[in-house]
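The values are calculated or read from the model by the stated rules, or taken from the named source; none is laboratory data. Predicted model only: the values in this text are computed from it and were never measured. Please note: Cβ atoms are built from the backbone with ideal geometry, for glycine as well, and neighbour counts cover all protein chains shown. What goes into the accessible areas is simple: the full protein's heavy atoms, side chains included, and nothing from ligands, DNA or RNA. Shrake-Rupley method; radii C 1.70, N 1.55, O 1.52, S 1.80 Å.
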Amino acid sequence: MTHNELRTKFLAFFESKKHKVLPSDSLVPADDPTLLFTGAGMNQFKEQFIGRNIKHPRVATSQKCLRTPDLERVGRTACHHTFFEMLGNFSFGDYFKKEAIEWSWEFLTDILKISKNKLWVSVYKDDKEAYGIWKDLIKVPDSKIMKFGDDQNFWPANTKTEGPNGPCGPCSEIFYDQGVDVGCQKSNCDPSCECDRYIEVWNLVFTQFERVGVNKLKPLKNKNIDTGMGLERLAAVMQGASTNFETDIFTPIIDAVKSEVKEASGGRFKFDKVARQHINAIADHLRASTFLVADGVFPSNEERGYVQRMLIRRAFRYGRQLGIEKPFLYKLVAIVAKVMGEAYPEILMHREDIAQVILSEEERFQNTLMEGTQVLENLMAKADKVSKKSLAGDDIFRLYDTYGFPIELVSEIAAESGFKIDRAGFKKRMEAQRALSRKGSQIKDGIFAGLSTKELADIKKTEFIGYEKLKGEGKIVALLLDNKKVSKVSGSKEVEVVLDKTPFYGESGGQVADKGEIIAGSTKLEVTDVKRADGVFVHIGMLKKGELEVGQKVRSSVDEKRRSAIARAHTATHLLHWALRKVLGAHAKQCGSLVEVDRFRFDFTHFKKVERDEIARIEKLVNERIAENEKVAVASIKLKEAKREGAIALFGEKYTEDVRMVSAGDFSKELCGGTHLDLTGKVKCFRITSESSIASGTRRIEAVTGSVASNIISEEEALLADLCKLLGVPKDNVAEAIEAMEKELKMLEKERVKSKAASSLSQLDEIVDGVIDINGVKVVAKKIEDADMSILRALTDELKKRLSPCVIVLGSDGGGRVALCASVSKDAVTKGVNAGAIMKEAAQIVGGGGGGRPDFATAGGKDPKRLNDALKKAYEIAEKILS
């Protein structure tokens with residue numbers, strides 16, 4: 001039975017039990033700041049587990065999941081994965097243990113025809129109810145019912161003593177016995193044994209308590225069911241595979257990896273145990289990376305992007321260990337798409353885009369892998385000489401910061417040679433470097449943390465009337481002062497107001513909130529922001545005069561001019577999205593935006609700089625659509641229907657069954673909840689102000705609309721007129737005239753540098769006399785008088801020819817500014833010296849910044865008085881590495 005058939009049978013079975021079958025949530029949890037990734041089927045139902053927003057009391061899903069705690073075991077064991085699918089059925093205050101147990105047994109034994117003799121079960125040690133159902137109703141022999149404690153059969157594990165507070169409860173597991181020939185082969189082996197004989201197939205969680213303190217459990221009013229069964233494990237059972245990697249989910253990917261290995265080795269490679277483990281890990285990581293890209297996660301050095309980068313780089317290195325020198329993972333995305341495309345058509349649809357993202361990251365890592373590996377090996381060899389089997393946190397950080405080696409990768413390479421790593425030291429350096437970004441991190445603690453505050457928990461969702469009107473009447477249903485509910489507010493205070501209905505748009509989907517006024521008689525609240533929390537709109541503003549009271553009727557008025565300017569920008573983002581795909585290709589898809597008053601930024605997938613002529617074509621296309629004054633229409637339709645019509649659904653975005661589709665003419669259709677114009681002509685004018693890279697495979701365009709755009713164009717035209725006048729040439733010849741001037745200036749500069757360099761080169765003998773030899777490497781750190789960066793470069797080049805192997809750092813303080821230049825010979829680089837790292841640290845001392853390659857780097861600063869200190873620091877860094 002194929003994995004696709006198993007998934008279909010599971011969902012159909014629970015649909016027959018009156019469950020609503022829902023699609024998988026994104027791997028990036030929507031509106032859940034507690035998680036990096038969706039790691040279980042229940043994640044998307046947290047609100048339902050605490051009794052809120054229950055549309056369907058019974059639900060079944062096949063959920064995409066990603067977990068990395070057991071990363072080092074992936075590929076080495078039969079069933080550990082980063083990415084996997086979790087089959088689950090859920091009840092929110094509806095059925096409970098009896099039905100959950102009965103149906104799980106029915107599905108496994110009646111639908112899948114698994115022999116009852118092959119199945120064992122476990123219960124929580126104090127759960128007499130579950131034990132009784134298994135023994136008396138299902139007729140499982142007492143000898144096949146195991147009792148486990150808080151660490152295994154209570155969810156979350158050990159929560160009674162360790163927390164967190166929130167819903168919890170006992171669980172019951174179903175195990176499949178692979179037979180006496182598997183595992184430890186002991187006569188007394190049972191599911192408590194850690195060998196591979198018994199596979200945990202299904203976990204049934206009975207959420208019946210709320211933890212309110214250490215060992216304090218309070219019965220929940222509504223008891224819930226949360227079950228999870230790994231599709232990969234079930235496929236292994238049904239296909240008679242000894243590991244998950246031998247199922248139809250993995251074998252096509254593994255075969256493709258083997259083909260790459262054979263091609264790289266000329267067919268001479270030996271597939272031993274270690275090779276098979278590496279190939280298994282590659283197949284696993286490639287699946288994970290493919291689905292992460294499809295859900296909008298791109299490689300970076302922060303949070304989710306860091307995990308994505310780590311997985312791709314780990315898989316790429318395994319490929320290198322198997323003899324594959326060039327990028328290869330990207331070629332296998334099509335295989336993953338073919339295997340998974342039936343259930344996840346978006347993978348098939350975007351396979352080329354996904355492959356490009358992965359290729360870009362492979363190429364990026366390929367450039368630093370050999371050099372970084374050499375540095376790591378030198379560090380280990382150096383530590384070995386003094387009988388030290390550990391690597392310092394500073395060294396690990398340098399490998400991460402300079403060569404892009406995730407700590408997990410360093411740990412793995414080090415472990416292969418018997419080395420340990422200083423994780424605490426690395427963490428300290430990371431925290432120092434990333435302090436600002438960590439302040440902005442949205443990941444919080446606790447399984448049920450991050451839902452709306454308790455103050456808003458009992459408030460009904462706000463009725464939003466702002467699509468149709470900008471003024472309206474409503475009633476105050478809640479007032480918050482300093483995050484606490486109050487019944488009345490008076491005086492000049494910042495207050496949060498919740499209305500039963502509002503025309504104010506709350507910040508969402510990248511669009512900023514409306515501003516305006518809430519008025520009741522002589523009372524006036526100036527609304528400066530509007531936030532959303534689970535459908536409740538919270539109006540934040542300053543009470544200017546009068547008083548507000550819960551139950552009071554008020555009039556709301558949105559700033560119409562501001563709303564129109566925001567709508568201009570938002571409609572323009574749709575026009576830009578269409579134009580990008582037209583000019584750059586279908587891979588250019590939105591992956592983030594910020595829509596403000598007559599300006600916006602737009603992030604999209606693309607793998608190189610957007611050239612100037614492409615920018616011009618994109619601008620031209622958008623302004624043509626504005627001039628054509630096409631109708632902008634909004635329709636509320638079913639998600640399936642919108643997709644059939646070709647509407648763009650954004651990477652990683654979670655959509656409900658009913659969606660809002662915004663169409664511009666017949667050329668643009670997007671799912672969007674923002675506010676828009678009714679005609680494209682009302683955008684008036686569009687101008688791109690900048691284009692840049694924000695991450696690997698992700699670009700950002702910033703643009704303006706309306707009078708802001710037309711004013712910029714007017715200013716540029718005035719500037720062009722001034723240039724024509726200064727240069728004495730017509731408009732069409734300005735570029736040519738500037739190029740001629742630039743060429744002349746370069747020639748003059750070349751002559752100046754040549755003259756100055758000739759003078760400076762006379763200092764070479766003096767510099768060479770001051771060289772210090774450290775273990776065969778000549779080190780120079782010297783101040784050069786009256787030299788700019790071009791002179792410093794010329795001197796380092798000449799010194800490198802004379803002194804190699806060498807480390808040369810030169811500095812100058814001419815014109816009240818500091819210039820620093822470092823050059824490191826190739827053999828010194830292999831010993832661990834890095835010019836870029838030296839410049840980074842030296843530049844900080846003179847109040848500047850800089851960096852570059854391991855063999856050459858430059859820096860600048862604004863504190864000439866500390867130049868000698870910077871040069872001394874540069875020397876100390878080199879000395880420490882080379883000694």
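In terms of its C-alpha gyration tensor, region 159-306 has an oblate overall shape, because the principal axis ratio a/c (a ≥ b ≥ c, square roots of the eigenvalues) is not below 1.5 and a/b does not outweigh b/c.
Taking the Cα centre of region 140-280 as reference, the dipole from Cβ charges on Lys and Arg (+1) and Asp and Glu (-1) amounts to some 320 debye. Each of SER593, PHE175, PHE328 was placed along the dipole of the chain (beta-carbon charges, centred on the mean Cα), and the one lying farthest toward the positive end is PHE175.
Residues whose amide H falls under 5 Å from that of VAL527, counting only those 5 or more places apart or on a different chain, are GLY516, GLU517, ILE518, with hydrogens built in the peptide plane. In a DSSP loop and with at most 15 other Cβ atoms within 10 Å, the trypsin sites (Lys or Arg not before Pro) in region 572-650 are LYS608, LYS609. Quick one: accessible area per residue over the chain, 1.4 Å probe, rounded to a whole number of Å²? Per residue, the chain has 47 Å² of solvent-accessible surface. Applying a DSSP loop filter and a limit of 15 other Cβ atoms within 10 Å to the GluC sites (Glu not before Pro) in region 461-560 leaves GLU468, GLU507. Once you reduce region 738-812 and region 513-557 to the center of their Cα atoms, the two points are 66 Å from each other. The residues packed around LEU677, meaning those with a beta-carbon under 11 Å from its beta-carbon, carry a net charge of +3 if Lys and Arg are +1 and Asp and Glu are -1.
Protein heavy-atom surface of the chain, 1.4 angstrom probe: 48% of the accessible area is carbon and sulfur, with nucleic acids and ligands not counted.
Derived value for the chain: Kirkwood hydrodynamic radius 31.8 Å. Basis is the mean of 1/r over every pair of different alpha-carbon atoms. Rounded to 0.05, the FRET efficiency of the ASP255 and GLN552 pair, given R0 = 60 Å and the Cβ-Cβ distance, is 0.30.
Put a plus charge on the Cβ of each Lys and Arg, a minus charge on the Cβ of each Asp and Glu, and nothing anywhere else: the dipole of region 54-108 about its Cα centre is then about 160 debye. Where does the Debye-calculated log10 I(q)/I(0) of region 491-638 sit at q = 0.13, 0.15, 0.21 Å⁻¹, using only Cα point scatterers of equal weight, no solvent? Computed log10 I(q)/I(0) values: -0.72, -0.85, -1.27.
Scan region 774-883 for GluC sites (Glu not before Pro) in coil per DSSP, keeping those whose Cβ has at most 16 other Cβ atoms within 10 Å, and list them by number. Counting only loop positions with at most 16 other Cβ atoms within 10 Å, the GluC sites (Glu not before Pro) in region 774-883 are GLU785.
Electrostatic bookkeeping for ASN158 treats Lys and Arg as +1 and Asp and Glu as -1; over the other residues with beta carbon under 9 Å from its beta carbon, the sum is -2.
To the nearest 20 Debye, how big is the dipole of region 572-643 about its Cα centre, given +1 on the beta carbon of each Lys and Arg and -1 on that of each Asp and Glu?
With Lys and Arg at +1 and Asp and Glu at -1, about 340 debye.
If you take all other residues with their beta carbon under 9 Å from the beta carbon of ARG700, and give Lys and Arg +1 and Asp and Glu -1, the sum is -1. Overall form of region 229-296: oblate. Here a/c, set by the Cα gyration tensor axes a ≥ b ≥ c, is 1.5 or more, and a/b is not larger than b/c. Pairwise inverse Cα distances across region 109-208, averaged and inverted, put the Kirkwood hydrodynamic radius at 14.4 Å. The HN-Hα couplings worked out from phi for region 771-787 by the Karplus form 6.51 cos²θ - 1.76 cosθ + 1.60 (θ = phi - 60°) are 5, 10, 9, 10, 6, x, 10, 8, 10, 10, 9, 9, 8, 10, 6, 6, 10 Hz, whole numbers, x standing for Gly and Pro. Pairs of Cα atoms in region 277-388 fall into 5 Å distance bins, from 0 up to the last occupied one, in shares of 2, 12, 21, 21, 17, 11, 7, 4, 3, 2, 1, 0 percent. Classified by the C-alpha gyration tensor, region 641-707 has an oblate form. Its axis ratio a/c, with a ≥ b ≥ c, is 1.5 or above, and a/b does not exceed b/c.
Here region 390-429 and region 1-54 have alpha carbon centers that stand 37 Å from each other.
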